[in-house]
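What follows is a single structure, written as structure tokens, with notes after it.
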Amino acid sequence: MEITPLGDSALIVRVRNQFEDAPEQTSNEVLRALRRIEDARIPGVIELAPAYTTAAVLPQPVGTSIKRDLYSGSSASRAYPDSFRGGS
């Protein structure tokens, strides 16, 4: 999994690189990632949007730093291993 910027404040969580090779498994993994993000209760997140291989994490428009919360010692960052936050 990999987290990358989406615009100036949102994030994309890439769960898999392809959908076609294992569509059911990929869908399940994306939904599992969404549940983990929801359970982390990241301050400022107002919407999560699943797609085929990714999930978008959308913050409140002003005064929010999801990146800081995900990459710091917040409860959200502890919900995911280092490999989830941009590693392999």
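The values are calculated or read from the model by the stated rules, or taken from the named source; none is laboratory data. None of the values given here were measured: they were computed from a predicted structure. Here the Cβ is made from the backbone with ideal geometry for all residues, glycine too, and neighbour counts use every protein chain on show.
Observations on the model:
This table checks each residue for (1) assigned to a loop (DSSP other than H, G, I, E, B); (2) among the charged types (D, E, K, R); (3) surrounded by 12 or more Cβ atoms within 10 Å (Cβ to Cβ); (4) modelled with pLDDT under 95.
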{"site": "Asp8", "(1), (2), (3), (4)": "yes, yes, no, yes"}
{"site": "Glu20", "(1), (2), (3), (4)": "yes, yes, no, yes"}
{"site": "Val30", "(1), (2), (3), (4)": "no, no, yes, no"}
{"site": "Ile42", "(1), (2), (3), (4)": "yes, no, yes, yes"}
{"site": "Ala56", "(1), (2), (3), (4)": "no, no, yes, no"}
{"site": "Val62", "(1), (2), (3), (4)": "yes, no, no, yes"}
{"site": "Leu70", "(1), (2), (3), (4)": "no, no, yes, yes"}
{"site": "Ala76", "(1), (2), (3), (4)": "no, no, yes, yes"}
{"site": "Ser83", "(1), (2), (3), (4)": "no, no, no, yes"}
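- With respect to being outside any loop (DSSP other than H, G, I, E, B) and touching a residue at least 40 places away in the same chain (Cβ under 8 Å), Leu48 falls outside the description.
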